[in-house]
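The values are calculated or read from the model by the stated rules, or taken from the named source; none is laboratory data. Keep in mind that what you see is a predicted model, and the values were worked out from it rather than measured. All Cβ positions, even for glycine, are placed from backbone atoms using ideal geometry, and neighbour counts span all protein chains on display. Note: accessible area is taken over every heavy atom of the protein model, side chains too, but ligands, DNA and RNA are not part of it. Shrake-Rupley method; radii C 1.70, N 1.55, O 1.52, S 1.80 Å.
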Amino acid sequence: MAFVTRFAPSPTGPLHLGHAYSAILAHDMARAEGGAFLLRMEDTDLERSKSEYESLILEDLAWLGLACDGPVHRQSEHIASYNVRLEPLAARGLLYPCSCTRSDIRSALSAPQEGVVFNVYPGTCRHRSMDSRKPGDALRLNLAAALDALSGADLSFTETGPAHAGHHQIDPPQAIDRIGDVVLSRKGEDIVAYFLAAALDDGDHGVTHIIRGEDLFEFTPVQVILQRLFGLPTPVYHHHRLIRDDQGKRLAKRDDARAISKYRAEGATPADVRRLVGLPEG
Ligand code: GLU
């Protein structure tokens, strides 16, 4: 089987050491396998995504020596086609419109849930039919209905990353509890992008291996469920360790101190960056 992987940054800030680690791993694995390394801009959050950040990401990748194969895919250029793909799911009764705001959702949740970093939607609008959709409503996946429709389907994936290596069977009640009815479409918000556009792009671009941070492991079930709903294959997943700051916290976009451009400006070499993230100098 050919090996196709991708690096999928959101151009909402500069690349930091954590992104560099992800990109280097994906690139090096693709090269070692004689495969392809694709670049995809997850830029559907139109407010936070900036073309300056995209340019900076491209410069950083070139400086790191990570050449990608084929043209850059920008999700913002395909929003309409992602939305069209939702129509059959709507026709199957698997989506519903939702007008809840983030603060409605927060106040409907009885208590912060231990260990859950993701706000599981409490289901306020689940009774609504597609006919009641108003401009500005989001579309959510009715996860329980989707899992019902998929009963008997193979809901599993193979993970090769260090923390969870093995074959994972998705447990529907657990997915409902931990992930719930995700938003698949809402103008201007990045979560649109995330679950829907990522699943469609990975499938459409023939991605066979997904290499990304450990923090996304818990969302893999929703990707697999979407792959089954859209008739797409499930790639092999590899969730890698996260690069942390001196306090042990995961690096975030605001950690400009660890931005690749800063190391670059200070005269570091790509080999220094590889060393800083614990990789052989290559
Ligand atoms: N756009 C996501 C991020 O920057 C990556 C998602 C993925 O690799 O699946 O964290």
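One table, with the values for the structure above:
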read-out: Förster-model FRET efficiency, 25 Å R0, residue 148 and residue 169, C-beta, rounded to 0.05; value: 0.90
read-out: Long-range lysine pairs (8 or more apart or interchain), the chain, Cα under 30 Å; value: 9
read-out: Hull shadow area, averaged, segment 130-282 [alpha-carbon convex hull, nm²]; value: 12.2 nm²
read-out: Carbon/sulfur fraction of accessible area - the chain, other protein chains in place, 1.4 Å, %; value: 52 percent
read-out: Expected-Rg normalisation [2.2 N^0.38 Å, Cα atoms] applied to the chain; value: 1.02
read-out: Residue-normalised accessible area of the chain, given per residue in Å² at a 1.4 Å probe; value: 48 Å²
read-out: Dipole in debye (nearest 20) - the chain, about Cα centre, beta carbon charges: Lys, Arg +1; Asp, Glu -1; value: 440 debye
read-out: Over segment 64-105: Kirkwood hydrodynamic radius from C-alpha pairwise inverse distances, Å; value: 14.0 Å
read-out: Per-residue ³J(HN,Hα) for segment 46-60, Karplus 6.51 cos²θ - 1.76 cosθ + 1.60, θ = phi - 60°, Hz, x for Gly and Pro; value: 5, 6, 8, 7, 10, 5, 4, 5, 4, 4, 5, 4, 5, 5, 4
read-out: All-pairs Cα distance distribution in segment 1-64, expressed in whole percent, bin size 5 Å; value: 4, 19, 27, 23, 15, 8, 4, 1
read-out: MRE, 222 nm, helices only [DSSP H, n ≥ 4, -39500 (n - 2.57), over the chain, to nearest 500]; value: -9000 deg cm²/dmol
read-out: Residues whose placed amide H lies under 5 Å from that of residue 236, excluding near-sequence neighbours; value: 209, 210
read-out: Nonlocal amide H pairs with residue 16, under 5 Å, H built at 1.01 Å; value: 260
read-out: For the chain: relative contact order, % (alpha-carbon pairs under 8 angstrom, 6 or more apart); value: 25 percent
read-out: Ranked by how many other beta carbons lie within 10 Å on average, peptides 41-50, 157-166 from highest; value: 41-50, 157-166
read-out: Label-to-label distance, nm, for residues given as residue 119 and residue 99 (7 Å Cα→Cβ offset); value: 1.8 nm
read-out: Per-residue HN-Hα couplings for segment 119-128 [Karplus 6.51, -1.76, 1.60; θ = phi - 60°; Hz; x = Gly/Pro]; value: 6, 6, 5, x, x, 3, 9, 4, 6, 6
